[in-house]
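Visitor: Next up is a structure, given as structure tokens.
Nothing in this text is a laboratory measurement; each read-out follows from the coordinates by a stated rule. Remember, predicted model here, so these are calculated numbers, not experimental data. Note: ideal-geometry Cβ built from the backbone for every residue, glycine included; neighbour counts use all protein chains shown.
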Amino acid sequence: MSDLSSLDAWQPKFKAWIENSMPLFKGGKAKEAFAVYPWFTTEGDPIAQLDKPVSEARFGLVTTGGYAIKGEQEPFVPAPNFSDDAPIIHSIPLDVDRTKLRIDHPGYDHRFAEEDLNVNLPLDRLNELVAAGEIGSVSNETQVLMGLAPNVGPLLRNTIPELVARFEADSVDAALLVPS
């Protein structure tokens, strides 16, 4: 069964959850609402074999940390997305002036990420792996999403294909996902 056919079976469960959970969200009871969230599952192995050694592979990075470049990128909307709108993707260049980065994501404590960006945007660590010959190279841009998207439909139909297209255009062999 493919992800999209699994999605077709999951969507009615999600719609029922939304209907039953919205009063909880409005009452400030997100924990209770997510306690009964119908987690999306699919069959099959999500892992693929690389066709070259890791030391020759180009890696892309995806973080859900909600980073944006001040003055250049629109802020992420700091709320869960229950709609059919696809999550916004920001691209952050590897050589970005880090003082221009901001975190829009309200769903985690920013202290550690502000102390060391590499907590959820490990640009230095990836560059160190390249310098040590452990990995071949790193994509020119990091792809950034922001957290909570309970409706996985737009993620699977739009966002994932967009990420794949961006990575293919940059000859990325493998993607690293850093959740926040």
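Visitor: Given labels modelled 7 Å from the Cα in the Cβ direction, how far is it in nm from Ile47 to Ile18?
Guide: 3.5
Visitor: Next question, about the same structure. Going by amide H atoms built from the backbone, whose H comes under 5 Å of the H on Val138, apart from near neighbours?
Guide: Phe59
Visitor: Put a dot 7 Å past each Cα toward the Cβ at Ala169 and Ser2; how far apart are the dots in nm?
Guide: 2.3
Visitor: Taking amide H atoms as placed 1.01 Å from N in the peptide plane, list the residues 5 or more away in sequence, or in a different chain, whose amide H sits under 5 Å from that of Val178.
Guide: Counting only residues 5 or more places away or on other chains, the set is Val62, Thr63, Thr64.
Visitor: Once the dipole of region 28-180 is set up with Lys and Arg at +1 and Asp and Glu at -1 on Cβ about the Cα centre, which of Pro179, Leu94, Ala30 lies farthest towards its positive end?
Guide: Result: Ala30.
Visitor: Test of the criteria: in region 44-146, which trypsin sites (Lys or Arg not before Pro) are in a DSSP loop and have at most 15 other Cβ atoms within 10 angstrom of their Cβ?
Guide: Sites meeting the loop and neighbour criteria: Lys70.
Visitor: Select from the chain the helices, each a whole stretch of DSSP H, whose alpha-carbon atoms run 20 Å or more along the helix axis and whose Kyte-Doolittle mean is at least -1.0; answer none if there are none.
Guide: Taking the DSSP H segments of the chain (at least 20 Å long, mean hydropathy at least -1.0), we get 3-26.
Visitor: Just how large is the dipole of region 54-178 about the Cα centre, in debye to the nearest 20, putting +1 at every Lys and Arg Cβ and -1 at every Asp and Glu Cβ?
Guide: Around 200 debye, computed over region 54-178.
Visitor: Follow-up question, since we're still on this one. What does the charge count near Ala79 come to, summing +1 for each Lys or Arg and -1 for each Asp or Glu among other residues with Cβ under 14 Å from its Cβ?
Guide: Spelling it out: positives minus negatives among the neighbours equals -1.
Visitor: Arrange the following residues from fewest to most other Cβ atoms within 10 Å of their Cβ: His105, His110.
Guide: His110, His105
Visitor: Have a look at Val152, Ser137, Thr63 and report the one farthest towards the positive end of the charge dipole of the chain, computed about the Cα centre with Cβ charges (Lys/Arg +1, Asp/Glu -1).
Guide: The residue sitting farthest along the positive end of the dipole is Val152.
Visitor: Per-residue ellipticity at 222 nm for the chain, helices alone: DSSP H runs ≥ 4 residues times -39500 (n - 2.57), over residue total, nearest 500 deg cm²/dmol?
Guide: My calculation for the chain gives -9000 deg cm²/dmol from helical runs alone.
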